[in-house]
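Remarks on the structure that follows.
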């Protein structure tokens, strides 16, 4: 399954679907030309309204991530990896900007922020290595 929906996280469900498809493409879990579940199949798998999935797919199609192939369904477009990697970076940039604005408002220095980032990155890297072992 390509999506896990969390109705309580404040992000609209159609947007959760869009984000998860984009992250799956950016990470190489969904490949160019790969068929994705039909609207009905994904709606059933995620217990989401068909119209919600349809909206997500329509938006992804407009963004150039998905293309419709007659008789086959929706597949990942050739441009999707570049689009999705760029969108993923932009989502992370927005979240980072929010954290940096909070740090600035609380007069936390650039050096302190760099130390925090380095420490957290190191810890997350170690945690990931432990999880993979």
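The table below gives the values:
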{"quantity": "In the range 33-77, the residues that are assigned to a loop (DSSP other than H, G, I, E, B), under 18 Å from the mean Cα position of the chain (by Cα) and more than 13 Å from residue 17 (Cα to Cα)", "calculated": "34, 63, 64, 77"}
{"quantity": "Test: residue in the range 89-104 that is surrounded by 15 or more Cβ atoms within 10 Å (Cβ to Cβ) and closer than 19 Å to residue 5 by Cβ", "calculated": "no"}
{"quantity": "Residue match in the range 98-111 (condition: closer than 28 Å to residue 36 by Cα, touching a helix residue (DSSP H, G or I) at 6+ places or on another chain (Cβ under 8 Å), part of a helix (DSSP H, G or I) and touching a residue at least 12 places away in the same chain (Cβ under 8 Å))", "calculated": "no"}
{"quantity": "Condition met for residue 82 (assigned to a helix (DSSP H, G or I), under 30 Å from residue 113 (Cα atoms) and modelled with pLDDT of 95 or more)", "calculated": "yes"}
{"quantity": "Counted residues, the range 1-23 - those being surrounded by fewer than 19 Cβ atoms within 10 Å (Cβ to Cβ) and touching a residue at least 60 places away in the same chain (Cβ under 8 Å)", "calculated": "2"}
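The values are calculated or read from the model by the stated rules, or taken from the named source; none is laboratory data. This structure is a prediction, so every number in the text was calculated from the model and none was measured. Positions of Cβ are generated from backbone atoms using ideal geometry, with glycine treated the same way; all protein chains shown enter the neighbour counts.
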